[in-house]
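> The structure's right below; bear with me while I get my questions together.
Just so it is clear, none of the values below were taken in a lab; they were calculated from the coordinates. Just so it is clear, the model here is predicted, and its values are computed rather than measured. Every residue, glycine as well, gets a Cβ built from its backbone with ideal geometry; the counts of neighbours run over all protein chains shown.
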Amino acid sequence: MKLTFYKYQGTGNDFVLIDNRLKICDTSNTKRIAQICDRKFGIGADGFICLENKADFDFKMLYFNADGNESTMCGNGGRCIVAFAKYLNIIENSAHFIAIDGPHNASINGNSVSLQMQDVNSIHVGKAHVFLDTGSPHHVSYIKDINQLDVKQKGSRIRYGAPYFKDGTNVNFVEQIDNNTFKVRTYERGVEDETLSCGTGVTAVAIASHKMAKTKDSVINLQTEGGDLKVRFTEKEGLYTDVFLEGPTEQVFKGVISL
């Protein structure tokens, strides 16, 4: 059986997207999804995303890591699926959809998608890091000379180490550029490597940086290897609400693959 797919990227974080409203794709086939995401034997992607029907929502987002396993929320993937829904004429310039972490609202302006993320009220501040969940778990460490860092080597140690172990965490390394700009490099679990960008990761960095008083601003600029993103939020008594992740998306190509 042949399946039409679409390749999207959001600041270098790339995904294979499928219109699965007719349930033609077997999302339980973990091995096949991993093969599709393989950069040598498949299409190649950081993740695999299915757009499906869901009552009372414009659509449902089903997200899988490159290892083929269904995963927690992906911010850049969420922005890409909104652009995909517009391409499919499911929506116009706004969306109300559901993902594994709950409902999301989004808006589109040209090639830029602004995605509302979940509220954050639980932030753990350790001796040398910050940990929080922005739809996916994130460890945040502040360093210098970020361009010289071996992200895969250092990130993998933290990802599997205490206190994360089997479930693991995504790992973000951050260097402050100015009062509201941070450069971020991320090791993503499920990809088990550095990705060019991570939406939930830069969201975690923005909130962690505000929590740690590294910035007083509520609109934060994030520089990733794949491009620039912006995170804005409202904070009151430690609760972060109205959290939005904003940046560009692009449909790279479409094609057909055998299931």
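> Relative contact order (percent) for the chain, with alpha-carbon contacts under 8 angstrom and 6 or more residues of separation?
So the answer I get is 22 percent.
> Okay, moving on. If you rank C74, C25 by fewest surrounding Cβ atoms within 10 Å, what's the result?
Listing C74, C25 from fewest to most nearby Cβ atoms yields C25, C74.
> Arrange the following residues from fewest to most other Cβ atoms within 10 Å of their Cβ: L22, L51, L259.
Ranking L22, L51, L259 by Cβ neighbours within 10 Å, fewest first, gives L22, L259, L51.
> Rounded if a/c is under 1.5, else prolate if a/b is larger than b/c, else oblate: which is the stretch 141-259, with a ≥ b ≥ c the root eigenvalues of its Cα gyration tensor?
Values: a/c = 1.63, a/b = 1.22, b/c = 1.33.
Taking the square roots of the gyration eigenvalues as a ≥ b ≥ c, the stretch 141-259 is oblate.
> All other residues with a Cβ under 15 Å from the Cβ of A99 taken together, and with Lys, Arg as +1 and Asp, Glu as -1, what is their net charge?
Local net charge: -4.
> With a cap of 12 neighbouring Cβ atoms within 10 Å, and only residues DSSP puts in a loop, list the chymotrypsin sites (Phe, Trp or Tyr not before Pro) found in the stretch 137-206.
Answer by residue number: F165.
> Oh, and also: Does anyone have the angle between helix 151-160 and the longest principal axis of the chain? Alpha-carbon axes, 0 to 90°, nearest 10?
90
> Something else about it: For the stretch 71-142, what does the alpha-carbon gyration tensor say about shape, rounded, prolate or oblate, given a ≥ b ≥ c as the root eigenvalues, a/c under 1.5 as rounded, and a/b over b/c as prolate?
prolate
> Grab the DSSP H runs of the chain that are 4 residues or longer, score each as -39,500 (n - 2.57), total them, divide by all residues and round the 222 nm result to the nearest 500 deg cm²/dmol.
-5000 deg cm²/dmol
> Something else now. Quick one: Cα convex hull volume of the stretch 84-219, Å³ per residue?
133
> Going through the cross-link list K166/K216; K7/K31; K23/K86; K7/K211; K60/K254; K40/K60, which pairs have a Cα-Cα distance over 25 Å in this structure?
K166/K216; K7/K211; K40/K60
> If you average 1/r over every pair of different alpha-carbon atoms in the chain and take one over that average, what Kirkwood value in Å do you get?
By the Kirkwood definition, the hydrodynamic radius is 18.3 Å.
> Need one word for the stretch 1-135: rounded, prolate or oblate. Basis is the Cα gyration tensor (sqrt eigenvalues a ≥ b ≥ c); a/c below 1.5 gives rounded, then a/b vs b/c decides.
Since a/c reaches 1.5 but b/c is at least a/b, the shape of the stretch 1-135 is classed as oblate.
> Using alpha-carbon positions, what is the distance between the centroids of the stretch 186-201 and the stretch 72-96, in Å?
20
> Shifting gears a bit: What is the set of long-range amide H partners of H139 at a cut-off below 5 Å, with H atoms built 1.01 Å from backbone N?
N170, V171, N172
> Please go through the stretch 168-259 and write out the trypsin sites (Lys or Arg not before Pro) that DSSP classes as loop and that have at most 15 other C-beta atoms within 10 Å.
K216
> Can you give the longest stretch of the chain with no exposed loop site, where a site means GluC sites (Glu not before Pro) in a DSSP loop (not H, G, I, E or B) with at most 13 other C-beta atoms within 10 Å?
Segment 93-236 is the longest.
> Ratio of alpha-carbon Rg to the 2.2 N^0.38 Å globular estimate for the stretch 10-68, to two decimals, please.
1.14
> May I ask for the angle, rounded to the nearest 10°, between helix 75-87 and the longest principal axis of the chain, with both axes built from Cα atoms and the value confined to 0 to 90°?
It works out to around 40 degrees.
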